[in-house]
């Protein structure tokens with residue numbers, strides 16, 4: 001993943017036409033577009049292929065399955081053109097490794113700790129262990145919460161030079177520059193961009209905040 005802006009759009013909308021419009025507007029101002037199950041179910045495989053054609057598509061299928069089922073899902077998503085795929089870490093190293101092997105040339109990112117309040121209760125206590133499993137299994141990086149920069153910092157110490165993507169900026173209360181300063185490589189932003197009057201401008205403003213506060 002090439003990180004020129006250090007911003008990834010979480011395209012969490014369910015109107016395919018709106019998704020196309022937003023994606024087209026911001027594609028030059030973000031490093032990737034993240035699409036999850038809601039958009040996949042609303043727009044189908046054809047829409048995912050279309051979005052993949054715009055640039056780096058991060059498919060947030062967050063597989064939480066046994067290794068064989070994980071492999072089947074990841075193979076299908078990679079075939080649609082996804083450049084990156086997100087999977088859950090709590091399923092264990094065997095399932096993470098299955099995702100990495102099935103992804104082919106696509107990157108695999110492992111969720112170690114989720115950004116919502118419940119994530120602090122259930123995923124945080126095991127985040128360091130999941131981060132180690134991600135590295136051992138050959139993942140490109142992890143997902144860690146922008147809402148808790150101290151946790152990003154702790155996980156950076158474990159994953160070394162692997163990428164950290166940090167969701168939770170904007171609507172969930174996380175601040176982009178704080179997450180980057182703590183060690184994240186990029187932030188994942190949804191509503192603060194796609195609900196803005198001018199999504200491209202909103203994306204540029206977040207990137208500018210990062211550059212002004214945490215120069216590369």
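Considering only residues that are touching a strand residue (DSSP E or B) at 6+ places or on another chain (Cβ under 6 Å) and assigned to a loop (DSSP other than H, G, I, E, B), look in the stretch 184-216 and name the one that is surrounded by the fewest Cβ atoms within 10 Å (Cβ to Cβ).
Filtering the stretch 184-216 down to residues touching a strand residue (DSSP E or B) at 6+ places or on another chain (Cβ under 6 Å) leaves 184-190, 193, 203, 206-207.
Still in the list and also assigned to a loop (DSSP other than H, G, I, E, B): 184-185, 190.
On the way: 184: 32, 185: 19, 190: 21.
Per the criteria, the residue is 185.
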Quickly run through the stretch 159-179 and pick out the residues that are out of contact with any strand residue (DSSP E or B) (no Cβ under 7 Å at 6 or more places or on another chain) and assigned to a helix (DSSP H, G or I).
177, 178
Residue 113 is checked against (1) over 17 Å from residue 61 (Cα atoms); (2) in a loop (DSSP other than H, G, I, E, B); (3) at pLDDT below 95; (4) touching a helix residue (DSSP H, G or I) at 6+ places or on another chain (Cβ under 8 Å) and fails just one. What number does that condition carry?
(1)
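How many residues, within the stretch 119-134, are closer than 11 Å to residue 89 by Cα, in a helix (DSSP H, G or I) and touching a helix residue (DSSP H, G or I) at 6+ places or on another chain (Cβ under 8 Å)? Walk me through it before giving the result.
As a first pass, look at the stretch 119-134 and keep what is closer than 11 Å to residue 89 by Cα: 123, 126-134.
Narrowing further to those that are in a helix (DSSP H, G or I): 126-134.
Okay, now just the ones that are also touching a helix residue (DSSP H, G or I) at 6+ places or on another chain (Cβ under 8 Å), so 127-128, 131-134.
Residues that pass the stated criteria total 6.
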For residue 61, work out the one condition from (1) modelled with pLDDT of 95 or more; (2) under 23 Å from residue 23 (Cβ atoms); (3) assigned to a strand (DSSP E or B); (4) in contact with a helix residue (DSSP H, G or I) (Cβ under 7 Å, 6 or more places away or on another chain) it doesn't fulfil.
(1)
Unmet criterion (only one of (1) at positive phi; (2) touching a strand residue (DSSP E or B) at 6+ places or on another chain (Cβ under 7 Å)) for residue 59:
(1)
Of all residues in the stretch 88-105 being in contact (Cβ under 8 Å) with a residue 40 or more places away in the chain and part of a loop (DSSP other than H, G, I, E, B), the one that is farthest from the chain's Cα centre (by Cα)
92
Within the stretch 143-156, is there a residue that is under 13 Å from residue 7 (Cα atoms) and touching a residue at least 60 places away in the same chain (Cβ under 8 Å)?
no
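The values are calculated or read from the model by the stated rules, or taken from the named source; none is laboratory data. Source: prediction; values computed, not measured. Positions of Cβ are generated from backbone atoms using ideal geometry, with glycine treated the same way; all protein chains shown enter the neighbour counts.
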